[in-house]
Amino acid sequence: MNFGQAISSGLSHYINFSGRAPRSEFWFWFLFVLILSIIGGIVDMVIGMQILGTIISLGLLLPGISMNIRRLHDIDRTGWWCLIAFTVIGVILLIVWACMKGTTGPNRYGPDPMP
């Protein structure tokens, strides 16, 4: 999956918490959010108000949660593991899991997104 496909998939499945997301989709989405956040931060510094960064954060919150849950489904973990992000150790664990290869073939969350 390339950058454009990952962004398109992330935005079109923004309320889809079922299914699976491969590593490439997740990390390209992360890169997209990072780039938008940097641009928003620069614009906010120029205008002296934190408006654009807030709009970007709120606009990408739900698609980001959805993407994270679908990524967890790809490694055959329940989406409730997202709640572990509220601890420091949990953030590290989620990053490690996001780097792991997904389950080969179908799992309980659906078919393999990268056949």
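Screening 108, 70 for residues that are out of contact with any Pro (no Cβ under 9 Å at 6 or more places or on another chain) and either surrounded by fewer than 14 Cβ atoms within 10 Å (Cβ to Cβ) or within 16 Å of residue 7 (Cα to Cα) (or both) leaves exactly one candidate, 108.
Could you say whether any residue in region 34-41 is in contact (Cβ under 8 Å) with a residue 60 or more places away in the chain and assigned to a helix (DSSP H, G or I)? Explain how you work it out, then say what you get.
Residues of region 34-41 in contact (Cβ under 8 Å) with a residue 60 or more places away in the chain: none.
No, there is no match, as no residue in region 34-41 is in contact (Cβ under 8 Å) with a residue 60 or more places away in the chain and assigned to a helix (DSSP H, G or I).
Reported count of residues in region 2-38, each being of a type in the set (Val, Ile, Thr) and touching a helix residue (DSSP H, G or I) at 6+ places or on another chain (Cβ under 8 Å), is 3. Tallying residues that are part of a helix (DSSP H, G or I) and farther than 23 Å from residue 112 by Cβ within region 65-96 yields 10.
For region 15-32, which residues satisfy the criterion of being among the hydrophobic types (A, V, I, L, M, F, W, C) and either out of contact with any Pro (no Cβ under 9 Å at 6 or more places or on another chain) or in contact (Cβ under 8 Å) with a residue 60 or more places away in the chain (or both)?
First, pick out the residues of region 15-32 that are among the hydrophobic types (A, V, I, L, M, F, W, C): 15, 17, 21, 26-32.
Once the filter is applied, which keeps residues that are among the hydrophobic types (A, V, I, L, M, F, W, C) and either out of contact with any Pro (no Cβ under 9 Å at 6 or more places or on another chain) or in contact (Cβ under 8 Å) with a residue 60 or more places away in the chain (or both), region 15-32 yields 17, 21, 26, 27, 28, 30, 31, 32.
Note on region 1-13: residues that are crowded, with 17+ Cβ neighbours inside 10 Å and either touching a strand residue (DSSP E or B) at 6+ places or on another chain (Cβ under 8 Å) or part of a loop (DSSP other than H, G, I, E, B) (or both) amount to 2. For residue 40, only one of the following conditions fails: (1) over 25 Å from residue 99 (Cβ atoms); (2) surrounded by fewer than 17 Cβ atoms within 10 Å (Cβ to Cβ); (3) not hydrophobic (A, V, I, L, M, F, W, C). What is its number? Going through (1) over 25 Å from residue 99 (Cβ atoms); (2) surrounded by fewer than 17 Cβ atoms within 10 Å (Cβ to Cβ); (3) not hydrophobic (A, V, I, L, M, F, W, C) one by one, residue 40 breaks only (2).
Look at residue 63 and say whether it is more than 22 Å from residue 107 (Cα to Cα), in contact (Cβ under 8 Å) with a residue 12 or more places away in the chain and within 11 Å of the chain's Cα centre (by Cα). Explain how you work it out, then say what you get.
Details: more than 22 Å from residue 107 (Cα to Cα): yes; in contact (Cβ under 8 Å) with a residue 12 or more places away in the chain: yes; within 11 Å of the chain's Cα centre (by Cα): yes.
Here the answer is yes, as residue 63 does meet what is asked.
Residues in region 97-115 that are aromatic (Phe, Trp, Tyr) and in a helix (DSSP H, G or I): 97 only.
The residue of region 19-32 that is nearest to residue 103 (Cα to Cα), among those that are touching a Phe, Trp or Tyr at 6+ places or on another chain (Cβ under 7 Å) and not charged (D, E, K, R), is 19.
Listed here are the residues, each with its yes/no results for (1) of a type in the set (S, T, N, Q); (2) touching a Lys or Arg at 6+ places or on another chain (Cβ under 7 Å); (3) at positive phi; (4) modelled with pLDDT of 95 or more.
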site	(1), (2), (3), (4)
5	yes, no, no, no
25	no, no, no, no
72	no, no, no, yes
103	yes, no, no, no
107	yes, no, no, no
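The values are calculated or read from the model by the stated rules, or taken from the named source; none is laboratory data. Quick caveat: nothing in here was measured; it's all calculated off a predicted structure. Positions of Cβ are generated from backbone atoms using ideal geometry, with glycine treated the same way; all protein chains shown enter the neighbour counts.
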